[in-house]
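See structure below.
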Amino acid sequence: MFETISNFVAAFLTLSIFSFLYKDNPFYKFAEALLVGVSMGYAIPLVYENVFLPYVYSPIFLSHKFIIIIPALLGSLYMFRFSKNLGWLARYPIVFGLSIVGMSVPMSIHSSVLVQMRSAMLPIDGINTALIFIGTITILLYFFFSKAHKGIYGKVTNVGIWFMMIGFGASFGYTVMARVSLLIGRIQFLLGDWLGLVK
Amino acid sequence: MKRQIPLIIIITMGFMFVAHSFIPHKVSADFFDWFQDWVKAVSPFAVSLGIMSLFMVHGTKIKRKVPNWQYSVITLSGLIFTALAGFIWGTHVGTPYMWLFENVQMPMSATMFALLAFYIASAAYKAFRARSAEATVLLIAAVIVMLGQVPLGAMISKWIPEASTWILNVPNLAAKRAIMIGVGLGITATSLKILLGIERTYLGGGD
């Protein structure tokens, strides 16, 4: 009985969201509003249990590491973000967390640029490695806007566009497959778990 | 001074982090451990900012009785009820909190993403109608990759899974690599702008 009620609730909410395919309607708006609230409500106890208790409460009250009171007070300054007069206080926790960008300079250069460049500079021993090399160079040239994309340079950058379109197509195909997989999951739930038509 | 002191903090600490990346010394490692402990203690309070923001936005809608304000009541009720369920009965399997996750949150979010399957199909049709060579190449690549992932592709032709693998491993790799290099340079440039105090939008408006 309990499982039937649970399935009915899940099915009603699933159909409420699918009703948007017809047009925007009160059932969809209801489900959308509920999703926002429940998602936020779901995150609060998780953050409390997995972040606040182990990293704020336990160090201060159980391990007596009273120095942690300072970052806790720093974090509480976030609350002033909406104050007209004291809103500037919220800048302190923001800049404290954002200072990690210092590490992202060497890290992004290493992982996203140098490692990728090293992988692109392998010996060209076949048609595929040649195509990968040409594709990488032409796309990078396409994103170089200091020179007008005209003449031979324009033709070269055009090759880059074609490579990018194939890449976007592959990503598009993967995204469609992921979404269709979710759709199949919901239809299986409606026809199987809820209505019992599919075993 | 309300802007200068935060700027001094981020520039000083930012360059200390740059140094930390290059200096594998105990002092440097201790500095990073200290930062991690402190930033973890700061971060849960950022969630309270999100909660406050949600309450302010929807509270104002309810107070002013703007059109469709009733949905704001549902949002806030859902938030309060789910959070209370987690605090009162715990977050383990079998509690009302997990029931809400399994029968309310999860089905709705999965359906929301499943809806995109229809809109993606509609976008593909619009791209096909554009009749440009680039859009056609994109669609052909997408169709081959899609068919290559399901048994239907191999049933149509044994070349489709192979073509799909080739697209993913050759032109797609070149595109992803070039975009990755561009993104890496973008992250570096933005990080440097923050470090040097050129980018200041994160400080917000006001004095």
Here is a list: B:ASP30, B:ASP37. Which entry is under 17 Å from A:MET103 (Cβ atoms), under 26 Å from the mean Cα position of the chain (by Cα) and surrounded by fewer than 19 Cβ atoms within 10 Å (Cβ to Cβ)?
B:ASP37
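Residues that are modelled with pLDDT under 95 and among the hydrophobic types (A, V, I, L, M, F, W, C): does the stretch B:67-90 have at least one?
Taking the stretch B:67-90 first, the residues modelled with pLDDT under 95 are B:67-68, B:90.
With among the hydrophobic types (A, V, I, L, M, F, W, C) added as a condition, the list becomes none.
No - not one qualifying residue is present in the stretch B:67-90.
Is there a residue being among the aliphatic types (A, V, I, L, M), surrounded by 19 or more Cβ atoms within 10 Å (Cβ to Cβ), in contact with a Gly (Cβ under 9 Å, 6 or more places away or on another chain) and not in a loop (DSSP other than H, G, I, E, B) anywhere in the stretch A:151-169? Spell out the reasoning first.
First pass over the stretch A:151-169, keeping only residues among the aliphatic types (A, V, I, L, M): A:152, A:156, A:159, A:161, A:164-166.
From the residues that got through so far, the ones that are surrounded by 19 or more Cβ atoms within 10 Å (Cβ to Cβ) too are A:164-166.
Cutting the leftovers down to in contact with a Gly (Cβ under 9 Å, 6 or more places away or on another chain) gives us A:164, A:166.
Of the ones still in play, those that are also not in a loop (DSSP other than H, G, I, E, B) are A:164, A:166.
Looking through the stretch A:151-169, at least one residue is among the aliphatic types (A, V, I, L, M), surrounded by 19 or more Cβ atoms within 10 Å (Cβ to Cβ), in contact with a Gly (Cβ under 9 Å, 6 or more places away or on another chain) and not in a loop (DSSP other than H, G, I, E, B).
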Among helices (runs of 4 or more DSSP H) entirely inside the stretch B:1-91, those with 2 or more residues being more than 7 Å from chain A (Cβ to nearest Cβ) and charged (D, E, K, R) are B:26-63
If you take the residues of the stretch A:15-42 that are assigned to a helix (DSSP H, G or I) and more than 7 Å from chain B (Cβ to nearest Cβ), which of them is farthest from B:LEU84 (Cα to Cα)?
A:SER19
Hits in the stretch B:148-203 - residues which are more than 7 Å from chain A (Cβ to nearest Cβ), without any contact (Cβ under 8 Å) to a residue 12 or more places away in the chain and not in a helix (DSSP H, G or I):
B:VAL150, B:SER157, B:LYS158, B:ILE198, B:GLU199
Given the criterion in a helix (DSSP H, G or I), touching a helix residue (DSSP H, G or I) at 6+ places or on another chain (Cβ under 8 Å) and more than 7 Å from chain B (Cβ to nearest Cβ), identify the matching residue among A:ILE60, A:ILE94, A:ILE67.
A:ILE60
Going residue by residue through the stretch B:116-126, is there one that turns out to be facing chain A (nearest Cβ under 7 Å), out of contact with any strand residue (DSSP E or B) (no Cβ under 9 Å at 6 or more places or on another chain) and more than 24 Å from A:ALA33 (Cβ to Cβ)?
yes
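The values are calculated or read from the model by the stated rules, or taken from the named source; none is laboratory data. Small disclaimer: the values here were computed from a predicted structure and weren't measured. Because the Cβ atoms are built from the backbone with ideal geometry, glycine has one as well, and the counts that use them run over all protein chains shown.
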